[in-house]
Each structure stands twice: as structure tokens, then as C-alpha cells.
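Enquirer: Handing you a structure now.
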Amino acid sequence: MKKPVLAGIAALAIVMGIGGLGIAQQQEVKAMRSDPVDELNRLGPDFKWEGKEGRMQRNYRQQPPLIPHSISQYQIDIRTNQCLTCHDWTNAGERGAPTLSMTHYLDREGNELDRIAGTRYFCTQCHVSQADVPALVDNQFKPSSPINSR
């Protein structure tokens, strides 16, 4: 290409870039929730689930159980896991909390341990707590049907 054509394309790109920045700065950025983007999202009150059997319904097979209480102040790190103060098999009975599945006490080779396995120590890598907040996007998800309903 000739130099004047390249210079014209470069000038056009600069003008378009500057104009685009001006337009972008005029538009207000909106958060997906009600709080402004530059502020912390305020969550609603913690979800309190009161159903039959005291457990939340799962939406698909093998879904890890949901946590029906707040864990915002729980410490879960390499030294401490506060979930285990209620849910470890040694404490669950007296605390009235569900016990961990026996799979949480198996090592990678399938050997039974007397303490929680290191691969299952960080509860929040699989389990999530619920909060009563609006959905970020519309969701058309339908839970899977039970196996014996066919």
C-alpha cells in the first residue's frame, strides 16, 4: 500500500478510538444487582430453609448437599475448618447436624481414615451456602426427574 493510504487508515483508527472512548465514558455502567458497580453487593438475609426432612432438594444426581445457613464468618484454611465442629462424625450427634458422608473419610486409595481426608477438607470447593437474593440472569433450568418415574 501507499504511504498516504496507510496514514489515512491510521488517522481513522485514532479518531474512531478516541470517539469510542468518549461514548463509552458517557454510558452509565450498571451492576447486575441493585448496588452500584463500585460498591460491595449487599446480600439479603440468609436463606432459611424449612422443608420436610430438614434438607434442601437436590437438582441433579450426585449434586453435593447445599448449606442452608450462613458460613460468612467460618474459618476454613489449612489449620482450621469450622464446619467440622458440627459436621464431623465425632460431633454431629450432639450438635444435631448431618454427618459427613463416609466418602469424606477415604483416602485416594480407598482406605478408611479416622479423620477427614485431605482431598475433602475444603468444604466450599463442592458445597455452597444459599442466600435469598434475586437471580443474576433468567434461568430455565429444570431439575432431573427421579430415576424410577419412567
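Enquirer: Where nothing but the Cβ of Lys and Arg (+1) and of Asp and Glu (-1) is charged, how large is the charge dipole of the range 47-133 around its Cα centre, in debye to the nearest 20?
Expert: Values: 10 positive and 10 negative charges, 51 e Å.
Magnitude of the dipole: close to 240 debye.
Enquirer: Using only the Cα atoms of the range 47-133, what are the Rg and Dmax in Å?
Expert: 13.5, 41
Enquirer: Around S129, which amide H atoms from residues at least 5 apart in sequence, or from another chain, sit under 5 Å from its own amide H, with H modelled in the peptide plane?
Expert: Placed amide hydrogens put I67 under 5 Å from S129.
No lab work stands behind these numbers, since they all come straight from the coordinates. Because the structure is predicted, anything quoted here is derived from the model rather than measured. FYI the Cβ positions are ideal-geometry reconstructions off the backbone, even for glycines, and counts take in every protein chain you see.
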